[in-house]
Amino acid sequence: MKLCIRSISIMLTLIISPPLMAKINVFACEPEWASLVDELGGERLSRYTATTAYQDPHHIEARPSLIAKIRRADLLVCSGAGLEAGWLPVLLRQAGNNRVMPGKTGNFEAATMVERLDVPIDVDRSMGDVHAAGNPHVHLDPHRIQIIAKALLARLKSIDPEGAEYYQLRFNDFTQRWQQAIQQWEQQAGALKGIRIVVHHRDWVYLFDWLGIEITGALEPKPGLPATVGHLASLKQMITATPVDMIVHTPYQGPRAAKRLAQITHTPVVELPYTVGGAEQVNNLFDLFTVTIATLKGGLK
C-alpha cells in the first residue's frame, strides 16, 4: 500500500508540474532504448527511433534521413558494444555533430554501463560476427536495465541540469514499478528454469541467463552466418540424442531455418518479440518481458 501511495504521489507531482517544452533531441538506435528514454525523459525530450523490431540492428542502411536526425541530436542512446558498428559510425561521420560523437556527453552506450556476457578472449574473422566487447543484447535482462536507467538518469541531468528534479521523479517512479514487475516476472517464469532451447542467433543470452534457461545450440553455424543443410543435420542429431523444449527466433529473423529444424525434429517453434514493437501487445519495456515470459510458457504447452 505504501508503494502504491508513493507512486501516485510521484505521478501527481509530474502531472501538476507546468507544461514543459521539449529541450533535448534524442536519437535512440533501438526501440528498447526509445522506451527507456520515454520513461525517464517524458515531455522534456523529443525522441526519434532509428530502427524497428522488424529490422536486424546489426545491419541498417545509413539513410540520409537518419543523418539529418543525428545532426540535430543532443543525445544518442544506443546499445554499443559493436551492435551498430556496421552503420552508426557512417551516420556520425556524415552528420558531423560533435555533441554525440564517441566519448562526448551526448553519446550514451547502454552496454558499456553493465557487465557483459560472451566476452571473447580472442577474436578473428573465422569466428563469424563475434563482438569483441561482448554480447550487446543487454536489454533482455531487467536487472541490467535498472543499472542502465540509473546511468541514463545521470546523463540526462548532465545535459539538462534544469530538468534534474523532473528526471529524478520519473526515475524514482520507473524504479518502483520496475522492481515490482521483476518480482512478478520471476514468479511467473519459475516453470521455465532448466528448459532447453535452440536459438537462431545468440540474442537471448541475457534473458536466458536471468531465467535459468539453457541454450543448447544455434541455427547459425557461426554468428551472422545463415543456417546450412549440414548444420541443421548436426542439430537434428543433437536434438534426437537429447530433446529440446523449443526453437526460438525474433521477428527480424526469417523463420525458414527454424521451421525446417522443427519439421525434422518435431520441436515447437516460438517467435519472441525481442524488443518493443516485436509483437502487437508489446508497446514498452514492461510489455516486452510480460509477453516474452508468457510466450515461452505457452511454448511449453
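Each reported figure results from applying straightforward, stated rules to the coordinates on display, with no laboratory input. Every value quoted in this text rests on a predicted model; they were computed, and no experiment measured them. Every residue, glycine among them, receives a Cβ derived from its backbone with ideal geometry; neighbour counts consider all protein chains shown.
Only Lys, Arg, Asp and Glu carry charge here, each on its Cβ (+1 for the first two, -1 for the last two); on that basis the chain has a dipole of about 240 debye about its Cα centre. Past the 26 Å Cα-Cα mark, which pairs from K222/K301; K259/K301; K69/K222; K193/K236; K150/K193? Check vs 26 Å cut-off fails for K222/K301; K69/K222; K150/K193. Here the alpha carbons of the stretch 52-170 define both size measures, Rg and Dmax, at 15.5, 50 Å. When exposed loop sites are taken as GluC sites (Glu not before Pro) in a DSSP loop with at most 13 other Cβ atoms within 10 Å, the longest stretch of the chain clear of them is 116-279. Loop-located trypsin sites (Lys or Arg not before Pro) in the stretch 22-110 (DSSP state other than H, G, I, E, B) with a sparse environment of at most 14 neighbouring Cβ atoms within 10 Å: K104. Beyond 28 Å, the tail of the calculated P(r) for the stretch 128-263 holds 35 percent of the Cα pairs. Over the stretch 117-253, calculate the relative contact order: mean separation of alpha carbon pairs under 8 Å at least 6 apart, over the residue count, as a percent. Reported as a whole number, the value is 24 percent.
Residues whose amide H falls under 5 Å from that of L117, counting only those 5 or more places apart or on a different chain, are N135, with hydrogens built in the peptide plane.
Dividing the convex hull volume of the alpha-carbon atoms in the chain by its residue count gives 139 Å³ per residue. Remark: the stretch 186-300 carries a charge dipole of roughly 440 debye about the Cα centre, counting +1 on each Lys and Arg Cβ and -1 on each Asp and Glu Cβ. Gyration tensor over the Cα atoms of the stretch 186-300: the corresponding equivalent ellipsoid has semi-axes (square roots of 5 times the eigenvalues, largest first) of 23, 16, 12 Å. Full extension of the chain segment joining V119 with I264 gains 48.9 nm, where the gain is 0.36 nm per residue of separation less the Cα-Cα distance. Could you identify which residue out of L75, L92, L83 has the top mean-square fluctuation in a GNM of the chain using Cα springs shorter than 10 Å? Of L75, L92, L83, the most mobile in the Gaussian network model is L92.
Qualifying trypsin sites (Lys or Arg not before Pro) in the stretch 176-224, where qualification requires a DSSP coil assignment and no more than 16 other C-beta atoms within 10 Å, comprise K193.
Between the listed residues G41, T265, Q168, the Cα displaced farthest toward the positive end of the dipole of the chain, a dipole computed from Cβ unit charges relative to the Cα centre, is found at G41. When the Gaussian network model of the chain links Cα atoms closer than 10 Å, the mean-square fluctuations of M246, M101, M238 top out at M238. Measuring nothing but how far apart in sequence close Cα pairs (under 8 Å, 6+ apart) lie, relative to its length, the chain scores a relative contact order of 16 percent.
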